[in-house]
Every structure is written in C-alpha cells, then in structure tokens.
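Let me begin by presenting the structure, written as structure tokens, before commenting on it.
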Amino acid sequence: MIKKFNYFLSITVVSWLLTLMIIATDLSPPFKAFLTTYFSHHWIAKLIISIIVFLLVGFLIEKKQVSEKIAFYSVIASIAIMLGFFIFEFIKG
C-alpha cells in the first residue's frame, strides 16, 4: 500500500517550527551555539531540521488532515510573527 504524503500538515508544522527556531536563536545564545556546534552554522541547522521534520511529518502522520487554507494561513501567520519580532527587536535597540 502506497502512503499518501501529508503535504499541508508538513507545511503547517515546519512553518511554526522554523518560526520558533528563528526566534529562539535570536533570544538564546546557547541554543544558537548548540546549532552551530553540530551543524557548522545555525542556518544550516535550521534547514536540515526543517527538512527532516517536513519529511517525517509528511510520511508518518497520515491520519491528521490539514486543509490547504490552514497551511496557507499558518505560513502567513508565521511570517507575520517573525516580521513583528524583528521589528520589535529593531525598535528596542
């Protein structure tokens, strides 16, 4: 039996995971150092972790369905949160 890839759930999970990792690396130098230690650069670490989670969620979780609309708004919300966070950090100084 061929498994169906759960694309929209993967997009939703990874968009929120990436948002959390981006904010965490900015707020937590130990977390950023941890990623850098194991992956040579924190952006490479975020990329590898995101790809692994995207594939695992997509292939392993087939029962939980997420609509295209939810995935789309999750990506938009995560972008808005990141943008808001960095604007706040810029204004804060």
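Here are the numbers for this structure:
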read-out: Considering residues of region 1-32 that are of a type in the set (A, V, I, L, M, F, W, C) and outside any helix (DSSP H, G or I) only, the residue surrounded by the most Cβ atoms within 10 Å (Cβ to Cβ); value: 5
read-out: Residue 81 vs. criteria of a type in the set (Val, Ile, Thr), at pLDDT 95 or above and surrounded by fewer than 17 Cβ atoms within 10 Å (Cβ to Cβ); value: yes
read-out: Members of region 33-74 found to be open to solvent by 70 Å² or more (accessible area, probe 1.4 Å) and closer than 21 Å to residue 23 by Cα, listed by number; value: 34, 37, 38, 40, 41, 43, 44, 47, 51, 52, 72, 73
read-out: Filter result for residue 81 (assigned to a helix (DSSP H, G or I) and closer than 30 Å to residue 3 by Cα); value: no
read-out: Residue 92 vs. criteria open to solvent by 90 Å² or more (accessible area, probe 1.4 Å), touching a residue at least 24 places away in the same chain (Cβ under 8 Å) and of a type in the set (Lys, Arg); value: no
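The values are calculated or read from the model by the stated rules, or taken from the named source; none is laboratory data. Source: prediction; values computed, not measured. Note that each Cβ is placed from the backbone with ideal geometry, even for glycine, and that neighbours are counted across all protein chains shown. For the accessible areas, the whole protein counts, side chains as well, though only heavy atoms, and no ligand, DNA or RNA atoms are used. Shrake-Rupley method; radii C 1.70, N 1.55, O 1.52, S 1.80 Å.
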